[in-house]
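See below for the structure under consideration.
The values are calculated or read from the model by the stated rules, or taken from the named source; none is laboratory data. Treat the numbers as computed from the prediction; the structure is a model and nothing was measured. A quick note on method: Cβ atoms are made from the backbone with ideal geometry, for glycine too, and the neighbour counts reach across all protein chains shown. All accessible areas refer to the heavy atoms of the entire protein, side chains included, with ligands and DNA or RNA removed. Shrake-Rupley method; radii C 1.70, N 1.55, O 1.52, S 1.80 Å.
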There are 2 protein chains.
Amino acid sequence: MNNFEFKCPTKIIFGADTISKIKEEIPHDKKILITYGGGSIRKNGVLKQVKEALNGFDYSEFGGIEPNPKYETLMEAVNMVKEGGYNFLLAVGGGSVLDGTKFIAAASKFDGEPWDILSKGATIHEAIDIADVITLPATGSEMNCAAVISRNSTKEKLAFASEKVYPKFSIIDPKTTYTLPEKQTVNGIVDTFTHVMEQYATYDVNTPLQDQWALGIIKTLLEEGPKVLKDPQNYDARANIFWCATCGLNYWISLGAVQDWSTHMIGHELTAFYGLDHGETLAIILPSLWHVMKKDKMDKLAKMAIEVFGANEFLPKSLLADIAIKKTEKFFNKIGRKTKLKEYGINSKEAAVEVKKRFSQRGTVLGEKGNITPDIAYEIVLNA
Amino acid sequence: MNNFEFKCPTKIIFGADTISKIKEEIPHDKKILITYGGGSIRKNGVLKQVKEALNGFDYSEFGGIEPNPKYETLMEAVNMVKEGGYNFLLAVGGGSVLDGTKFIAAASKFDGEPWDILSKGATIHEAIDIADVITLPATGSEMNCAAVISRNSTKEKLAFASEKVYPKFSIIDPKTTYTLPEKQTVNGIVDTFTHVMEQYATYDVNTPLQDQWALGIIKTLLEEGPKVLKDPQNYDARANIFWCATCGLNYWISLGAVQDWSTHMIGHELTAFYGLDHGETLAIILPSLWHVMKKDKMDKLAKMAIEVFGANEFLPKSLLADIAIKKTEKFFNKIGRKTKLKEYGINSKEAAVEVKKRFSQRGTVLGEKGNITPDIAYEIVLNA
């Protein structure tokens, strides 16, 4: 096991009808800006519950944060925060709203050009307090300090992380997900699946407990995913899927293990360039990347085939890895997510050329062994 | 899944040669009291490493905290803290030292009779900052806010918990466990096993992920436990066992699930009365309690038999539960821990009478369903 350090100060408040607890968690002297996306939290009553809980507090609203939150929009919020003197941000919505709010929190206190936080990894010394009512089981943003932001003008999608933007608290009420469009439920399951695999399917440094936990999330997704699609108001299945999503990216499963994240990095380019959903890009790239990088990931994929898919442990490792790849594609297909670029009407060669060009320009090299060069990325996208 | 709230602000610093990091974590203006137990941390060089890291800091020492830390000893430390104006406690040693230090931290700021913290569950409003270098994989105390304290004069062993006594940081260097006496390594494995089972082997509220994680710890203990006993300097096995111990009682495996803790409560009485090691009492009580309470725990024990011990899923549940009980006893025996009171020279009827008397006097009723009355506890101890 590798050495590691870990601290997550976020308080999780999980369960049915917990939104009202906001009022016990935010100090009464705070000037609050509620941030959200489109209209879904109006339609499903979540915004109403939030406002009822904030009765007597000093708050305003900033709506319109997009999926794949845009730098341009977020900078409008930064101006509002600075002019209005807001000192607490409450994100209400999915991971995009929360990611955007993390950026607003950091950029509002940043001395310099805020884009540097994303493009140059500039250090964040201070941020406004944030918290959230998270309504989409997918990004795990509710229990980590990372965020992914897009910029319209340059078609870029970049990430940052800082312990200054851990949510003070996150409220997870699985009932808020009853009315999710099926597409978003599916994307969330694929996102969680891929988060887990980015932390598991690397090379082995002798972390059997972390492996068990990672595969435990996968087993739970395989069992509970079809249940929520069949019965969107199955509370326990919704709760289990949400807790999988949170634990898929709070790093509990990968402390001391080796991480990858190249599927995400390649996927981000496809979102930035073609506007594909994040979950769609992951379902496209993950199996192809495993296929191209099979040699490096063989031990973990073989273990997955045995433990999750019940494959015979005496089969050759290469065959076991193939089984893990095939069964993963099959699961994505089963829950309604296509895994080939052409099925989304995209020419894989054109996409491969574009991704290679961008990675070459930025000098991007990916993978847990730092061996996914722009040429290998080309191959992965071409094969997708 | 049940509703839950969770927050653990402790920073974990895990890995080889990490003790020197103390100096980056404690503010330089603190007046530090190092607390420890017997001489083992002198012999194995841990105290030396701690003092080297604290070069330039203002610190003193308080040694002599016993296994099953005694109220009488801890109150001496409380006096020293108050008189000396110490404002940071650094526990160096096992769970007993850390538990004792949590009590010192709370009692030093407590307005009233400190014993009330244990006997009456008095609320703790304030505590001195604490941190630790934990050297025994067992109690999980390094990542929770609970402690168990004994009192000589009344032969009592009682617990308290308060979020004010979360360690600021915990340093876990698996190399510090290379020189542990085998008995302590074994007790730690039994303790971790039992912690997990107190949170798992209850009734099912549909928490498949938590179940997977709990059983993941058990599988890892079964694999890695014999390795550390065979080769005490196997770093990875030591690291895996330590991380199992920490995760066995940081509550990650039981959020939203139902907990028991009756094996511990009965075991505490046996320690208080007969001076048995904590790990010994657990190995004695757990199988007997499962046997007596089999009906209530059948679903989870059957699942354990299938997932951990590879039992045939088509066997009757009652038989599967018996398999889980037998295999658990067998594992304890295999790593050198006896599971019957008479094997420790104790008459089980006499012990049963004593436990029943104590529980009756205090009105103690245990178990996840509140159905382990003093009479049932009598049966459990008699059967042990």
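Electrostatic tally near A:Asn371: other residues with Cβ closer than 14 Å to its Cβ, Lys and Arg +1, Asp and Glu -1, net -1.
Of the accessible area of chain A, computed with a 1.4 Å probe over protein heavy atoms only, carbon and sulfur atoms account for 48 percent.
Specify the angular offset, from 0 to 90 degrees and rounded to the nearest 10, of the alpha carbon long axis of helix B:317-334 from the longest principal axis of the alpha carbons in chain B. Its long axis makes an angle of about 50 degrees. The residues of the range B:165-214 occluded by other protein chains by 10 Å² or more of accessible area, set against the chain on its own, are B:Asn206, B:Pro208, B:Leu209, B:Gln210, B:Gln212, B:Trp213; surface from heavy atoms, 1.4 Å probe. Its convex hull of Cα atoms gives the range A:185-241 a direction-averaged projected area, equal to a quarter of the hull surface, of 3.8 nm². Residues within the reach of a label modelled at B:Lys334 (point 7 angstrom out along Cα to beta-carbon, backbone nitrogen below 17 Å), restricted to the range B:173-211, are B:186-194.
In this view, the solvent-accessible surface of B:His291, computed with a 1.4 Å probe and all protein chains in place, comes to about 110 Å². Proximity of backbone amide H atoms, modeled 1.01 Å from N, is registered between B:Phe169 and B:Lys11, B:Asp132 at under 5 Å, excluding neighbours fewer than 5 places apart on the same chain. In order along the range B:352-366, the phi-based Karplus estimate (6.51 cos²θ - 1.76 cosθ + 1.60, θ = phi - 60°) of 3J(HN,Hα) comes to 4, 4, 5, 5, 4, 4, 5, 5, 5, 4, 8, x, 6, 10, 10 Hz; Gly and Pro are listed as x.
Inter-chain neighbour count for B:226-237: the average number of beta-carbon atoms from partner chains within 10 Å of each residue's beta-carbon is 1.
Using a probe of 1.4 angstrom and keeping all protein chains present, the accessible surface of the protein assembly as shown works out to 37 square angstrom per residue.
In terms of overall dimensions, the C-alpha atoms belonging to the range B:70-196 reach 41, 30, 23 Å along their principal axes, ordered largest to smallest.
From the alpha carbon centroid of the range A:258-327 to that of the range B:67-89 is 54 Å.
Computed over chain B with a Gaussian network model linking Cα atoms closer than 10 Å, the most mobile of B:Gly370, B:Gly267, B:Gly93 is B:Gly370. In the range B:249-313, the C-alpha radius of gyration followed by the widest Cα-Cα span (Dmax) gives 13.9, 42 angstrom. Counting 0.36 nm for each residue step from A:Lys230 to A:Lys23 and taking away their Cα separation leaves a gain of 71.0 nm. In the range A:121-236, inverting the average of 1/r over every pair of distinct C-alpha atoms gives 16.5 Å as the Kirkwood radius. Sequentially through the range B:109-120, phi angles give Karplus couplings (6.51, -1.76, 1.60; θ = phi - 60°) of 10, 8, 9, x, 7, x, 4, 4, 4, 8, 7, 10 Hz, Gly and Pro residues having no value and appearing as x.
The value of relative contact order for chain B, using C-alpha pairs under 8 Å at least six residues apart, is 15 percent. Residues B:Phe314, B:Phe332 ordered from highest to lowest accessible area at a 1.4 Å probe: B:Phe314, B:Phe332. The calculated P(r) of the protein assembly as shown, using every Cα pair and 10 Å bins from 0, goes 3, 13, 22, 25, 20, 12, 4, 1, 0 in percent. For the range B:1-134, the share of alpha carbon pairs falling in successive 10 Å distance bins from zero is 11, 41, 34, 12, 2, 0 percent. Peptide B:248-260 has a mean shielding of 1, counted as Cβ atoms of other protein chains within 10 Å of each residue's Cβ. Here the range A:184-282 is treated as a Stokes sphere of Kirkwood radius computed over C-alpha pairs; at 4 °C and 1.567 mPa s its diffusion coefficient rounds to 92 µm²/s. Sequence-ordered 3J(HN,Hα) estimates for the range A:308-313 from the Karplus curve with 6.51, -1.76 and 1.60 and θ = phi - 60° stand at 9, 9, x, 5, 5, 5 Hz, glycine and proline given as x.
Legend: distances between Cα atoms for B:Lys51/B:Lys175; A:Lys297/A:Lys338; B:Lys297/B:Lys340; A:Lys102/A:Lys227; A:Lys297/B:Lys230; A:Lys70/A:Lys295; pairs beyond 27 Å are A:Lys102/A:Lys227; A:Lys297/B:Lys230; A:Lys70/A:Lys295.
Once A binds B, the 1.4 Å probe can no longer reach about 3600 Å² of accessible area, counting both sides. Each other copy places its own label point for B:Ser318 at 5.3 nm from this one, sorted shortest first, where the point lies 7 Å along the Cα-to-beta carbon line.
Exceedance of the 19 Å cut-off in Cα-Cα distance is limited, within the set A:Lys109/B:Lys23; A:Lys157/A:Lys294; B:Lys7/B:Lys168; A:Lys168/B:Lys11; A:Lys7/B:Lys48, to A:Lys109/B:Lys23; A:Lys157/A:Lys294; A:Lys7/B:Lys48.
For the range B:237-384, the convex hull spanned by the alpha carbon atoms encloses 128 Å³ per residue. Taking the label point 7 Å along Cα→Cβ, A:Pro27 and its counterparts in the other copies are spaced 1.6 nm apart, in ascending order.
Projected over all directions and averaged, the alpha-carbon convex hull of chain B occupies 17.9 nm². In the elastic network of chain A, a GNM with C-alpha springs shorter than 10 Å, the most mobile of A:Ser96, A:Ser153, A:Ser108 is A:Ser153.
Close amide H pairs (under 5 Å, H built 1.01 Å from N) link B:Thr373 with B:Leu366, residues at least 5 positions away or on another chain. Comparing A:Pro137, A:Pro69, A:Pro27 in a Gaussian network model of chain A (Cα springs below 10 Å), the most mobile by mean-square fluctuation is A:Pro27. For peptide A:6-14, the mean count of partner chain Cβ atoms within 10 Å of a residue's Cβ comes to 6.
Between copies, A:Gly39 shows label-point distances of 7.9 nm, shortest first, with the point placed 7 angstrom from Cα along Cα to C-beta. Less than 5 angstrom separates the built amide H of B:Thr135 from those of B:Gly93, B:Gly94, all sequence-distant by 5 or more or on a different chain.
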